[in-house]
1. Can you confirm whether region 86-104 contains a residue that is closer than 16 Å to Asp215 by Cα, buried (at least 22 other Cβ atoms within 10 Å of the Cβ), touching a helix residue (DSSP H, G or I) at 6+ places or on another chain (Cβ under 9 Å) and basic (Lys, Arg)?
2. Going through region 66-85 one residue at a time, which ones are assigned to a helix (DSSP H, G or I) and surrounded by fewer than 24 Cβ atoms within 10 Å (Cβ to Cβ)?
3. Kindly check whether there is at least one residue in region 426-437 that is touching a Leu at 6+ places or on another chain (Cβ under 9 Å), assigned to a helix (DSSP H, G or I), closer than 26 Å to Gly56 by Cβ and of a type outside the set (Asp, Glu).
4. With the checklist (1) closer than 23 Å to Glu309 by Cβ; (2) within 18 Å of the chain's Cα centre (by Cα); (3) of a type in the set (Asp, Glu) in hand, flag the one item Glu83 doesn't pass.
5. Taking the condition under 30 Å from Ala304 (Cα atoms) and assigned to a loop (DSSP other than H, G, I, E, B), does Met58 pass?
6. Test of understanding: among Met58, Met66, which residue is touching a residue at least 40 places away in the same chain (Cβ under 8 Å), farther than 21 Å from Leu405 by Cβ and within 23 Å of the chain's Cα centre (by Cα)?
7. Determine which member of the set Ala352, Ala398 is in a helix (DSSP H, G or I) and either without any contact (Cβ under 8 Å) to a residue 40 or more places away in the chain or farther than 26 Å from Asn222 by Cα (or both).
8. In region 292-322, how many residues are within 25 Å of Arg243 (Cα to Cα) and either of a type in the set (Val, Ile, Thr) or assigned to a helix (DSSP H, G or I) (or both)?
Amino acid sequence: MQFQTIIEPFRIRQVQSVRSTTREEREAALKQSGNNVFLLKAEDVLIDLLTDSGTGAMSNEQWAGMMRSDESYAGADSYYRFESAVKDITGFEHIIPTHQGRAAERILFSAAVNEGDVVPNNTHFDTTRANIEARGANAIDIPNKDASDTQAVVPFKGNMDINELVSILEQWQDKIPLVMMTITNNSNGGQPVSLDNIRKASEVCKRFNVPFFIDACRFAENAWFIKMREEGYSDKETIAIAREIFSLADGATMSAKKDGMANMGGFLALNDPALAEKCRSMLILTEGFPTYGGLAGYDLESVAIGLYEALREDYLAYRIRTVEYVGERLIDAGIPILRPPGGHAIYIDAKAWLSHIPQEQYPGWALANTLYVEGGIRTSEIGSVMFGLQPDGSESLADKELVRLAFPRRVYTQSHIDYVVEVLCYINTIVNDVRGVRITKQPSALRHFTAKFETIC
């Protein structure tokens with residue numbers, strides 16, 4: 001008998017209390033934060049879906065590993081266990097630990113990218129784009145054509161447009177230091193990338209003699225989608241699929257706060273010894289000695305164990321099905337989401353749902369604020385606030401106005417999930433009352449983290 005109930009493949013042995021708040025308390029908290037949910041105190045949030053980065057629960061095995069950690073400054077045992085795990089899964093020769101993914105990006109781009117360069121990606125995420133643009137280079141997104149249609153149900157909607165990649169390489173070959181592939185494609189709805197697409201991108205890069213790098217934050221989730229959806233992989237273990245993915249690349253950046261199942265950590269992995277040496281030199285300047293890279297020994301231990309736990313198929317089946325379940329409920333309620341549901345998050349199409357709000361009034365941001373006020377749920381906008389501000393200070397509206405509900409790993413139970421759905425269904429009854437927002441104060445880059453807003457009456 002195939003039962004339908006989603007069962008969390010773990011037992012809960014430690015709990016963290018959360019505080020219920022009134023609507024009036026939430027209104028006051030949001031006002032105090034400048035109408036920016038990033039600036040809310042965690043104690044004022046009931047269910048936190050702002051990000052899945054570093055917000056998951058670690059296992060008893062990870063905690064046990066942390067207790068045996070070696071905190072030596074150089075050559076710690078914990079580093080070698082970390083290095084062994086990363087090499088085993090990725091196959092890369094040079095493993096450089098960093099405190100998180102954006103540090104790996106910063107080091108790689110500082111070593112490899114120069115002013116005026118062009119870096120193609122299926123879709124850059126915010127910190128990736130910002131680190132490239134900080135070098136005076138251009139981050140170019142080349143998603144597949146289906147990505148523009150939020151309602152198109154395509155198995156690998158995160159794919160890169162290979163024809164466009166060829167065209168860019170032909171046009172700017174001398175200005176392209178590397179090509180990146182983000183798996184899963186976070187900014188395009190957490191959509192997976194097929195192995196066929198990764199292979200074709202790799203072959204094109206080899207033809208033009210351009211290094212091919214993977215943003216591997218959610219590599220395990222992507223491997224699971226390949227197993228479920230790509231012909232010829234249903235009988236393969238997810239770890240074998242992951243190894244095949246990495247074998248096609250020259251290197252990878254990783255935020256181990258996602259599919260490393262850790263609260264802190266990341267790495268840069270690559271095969272080029274000259275580039276690795278250059279990156280290690282930069283690591284020492286900003287992160288620390290090459291065998292700890294801004295991490296404590298216990299962080300290295302938790303990542304080494306967590307990388308394997310992220311590849312467990314019972315865990316992946318539960319995680320992906322949970323997100324899928326939320327998507328099904330919202331579609332049934334007539335709430336527009338980016339389809340099909342992604343791996344780590346649901347992306348609500350705020351542009352479609354709040355069609356009465358002009359795009360320049362940031363409907364995604366307005367919806368995120370409404371979710372908090374009505375239900376105490378914190379989410380994040382992925383739209384014109386996040387991506388609209390250009391390096392020259394001008395404003396360019398995003399193609400999509402999305403609100404991301406990113407589910408922390410092994411944290412929330414089915415009742416939490418059902419509550420989120422219930423709140424969204426309630427908002428559906430008052431959606432026409434939601435008002436847009438304007439920015440009153442903003443920094444020059446990555447403005448969504450600290451900008452201040454006011455509601456337009």
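The values are calculated or read from the model by the stated rules, or taken from the named source; none is laboratory data. As the structure is a computational prediction, the values presented were derived from the model and not from experiment. Positions of Cβ are generated from backbone atoms using ideal geometry, with glycine treated the same way; all protein chains shown enter the neighbour counts.
1. No: region 86-104 contains no residue that is closer than 16 Å to Asp215 by Cα, buried (at least 22 other Cβ atoms within 10 Å of the Cβ), touching a helix residue (DSSP H, G or I) at 6+ places or on another chain (Cβ under 9 Å) and basic (Lys, Arg).
2. Met66, Met67, Asp77, Tyr80, Arg81, Glu83, Ser84, Ala85, listed by residue number.
3. There is no residue in region 426-437 that is touching a Leu at 6+ places or on another chain (Cβ under 9 Å), assigned to a helix (DSSP H, G or I), closer than 26 Å to Gly56 by Cβ and of a type outside the set (Asp, Glu).
4. (2)
5. Yes: the conditions hold for Met58.
6. After applying the criteria, what remains is Met58.
7. Ala352
8. The total comes to 20.
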